[in-house]
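The structure under discussion appears below in the form of structure tokens.
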Amino acid sequence: MKLQKHFQPWTFPFFFIYALLGSLLFLASCQQSKQPTSVKVGFEKKLGQTIPLDMKFYDEDGKTVSLSQLVDRPTFLALVYYRCPGICTPLLNGVKKVIEKVDLEPYKDFQILTISFDPTETPKIAKQKKNNYLKALKRKIPPQTWRFLTGDAENIRKITEAVGFRYQPDKGGFRHPGALILLSEKGKIIRYLEGIEYLPFDFQMAVLEAHKGISSPSRLGTGKSLILRFCYSYDPEGKTYALNFTNIGMAVIFFMVSIFAIFLFLKTQKSDPSSLSDNSDNHSPKDNTP
């Protein structure tokens, strides 16, 4: 009787069902985690990582060039394909507009590499695209500022993997994201400027980030640029540069403490009678009494 009271047979099947459901959920989560990220369209951001610069592409004249030859200054990377019916043309138009408006010297302060991720496209198409955009620019720039490259499937795979660019074939074209990816002079990924239109201020601030530690004679080394770099930082949620209130608050506090310290020092010096007594002793007549 005591055994029947303490052992309830109906609890066993329920325990078995719960265990089975838990196992199924665990297996499902494992399979989801094993799904390749390559099926997604977008960016797997790799900020701070350095891309290999030994990758080789074809320039507008069909000559083979490596990224190590080209990436020697802050470089915006645009991954597009030249026959794209979608966002690629608006993206390149956005690049054109920001070049015309930004307060930087093209090629001296930055450059742009446009690379087609369609291996069927040729240098001839790239050259035509470059000529069209250089002619359309209202601001004249050195031709080497904006390069248009093509490549084979292997090097395209390497560059897209290196920067986390995820795309998919779709109805004779591709589904893909749009952004400018800023690289430092050593190939380090500094910033992703997402979208197809770019504010000149965001563009300039990204270049300032890339110029940290670079001794450049350009305007990027001026006091104004240093102040901008200190007061602004990138906001990932807003996808733009915003005031860094932490840095500003620390600067204000440091300034106020410094003023207060100087005030106390001057007040102490003014009210200290020892200096007056020292002076009076120095000018008192000597006692010549023998």
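Conditions (1) out of contact with any helix residue (DSSP H, G or I) (no Cβ under 8 Å at 6 or more places or on another chain); (2) over 15 Å from residue 45 (Cβ atoms), marked per residue:
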| residue | (1), (2) |
| --- | --- |
| 119 | no, yes |
| 123 | yes, yes |
| 126 | yes, yes |
| 138 | no, yes |
| 147 | no, yes |
| 153 | yes, yes |
| 191 | no, no |
Could you check region 69-83 and list, in sequence order, the residues that are in contact (Cβ under 8 Å) with a residue 24 or more places away in the chain and of a type outside the set (Lys, Arg)?
70, 71, 72, 74, 75, 76, 77, 78, 79, 80, 81, 82
Any residue at all in region 179-195 that is charged (D, E, K, R), closer than 26 Å to residue 124 by Cα and in a strand (DSSP E or B)?
no
Residues of region 125-151 that turn out to be within 22 Å of the chain's Cα centre (by Cα) and either over 20 Å from residue 55 (Cβ atoms) or without any contact (Cβ under 8 Å) to a residue 40 or more places away in the chain (or both), as a count:
1
Scan region 152-178 for residues that are part of a loop (DSSP other than H, G, I, E, B) and in contact (Cβ under 8 Å) with a residue 60 or more places away in the chain and jot them down.
164, 167, 176, 177, 178
Mind checking which residues of region 64-110 are of a type in the set (A, V, I, L, M), assigned to a helix (DSSP H, G or I), in contact with a strand residue (DSSP E or B) (Cβ under 7 Å, 6 or more places away or on another chain) and crowded, with 19+ Cβ neighbours inside 10 Å?
91, 92, 95, 99
Return the pair list, or none, for Cβ contacts closer than 7 Å from residues in region 90-114 that are over 21 Å from residue 57 (Cβ atoms) to residues that are modelled with pLDDT of 95 or more and assigned to a strand (DSSP E or B), at least 6 apart or on different chains.
99/106; 104/110
Could you tell me whether region 167-175 includes any residue that is at pLDDT 60 or above, at negative phi, surrounded by 12 or more Cβ atoms within 10 Å (Cβ to Cβ) and of a type in the set (Asp, Glu)?
no
Would you call residue 63 touching a residue at least 12 places away in the same chain (Cβ under 8 Å) and not aromatic (Phe, Trp, Tyr)?
no
Residue 51: closer than 19 Å to residue 207 by Cβ and either modelled with pLDDT of 95 or more or not aromatic (Phe, Trp, Tyr) (or both), yes or no?
yes
Filter region 176-211 for residues that are closer than 19 Å to residue 50 by Cβ and charged (D, E, K, R); which is modelled with the lowest pLDDT?
209
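The values are calculated or read from the model by the stated rules, or taken from the named source; none is laboratory data. Values in this document were obtained by computation on a predicted structure and should not be read as measured data. Backbone-built Cβ (ideal geometry, glycine too); neighbour counts: all protein chains shown.
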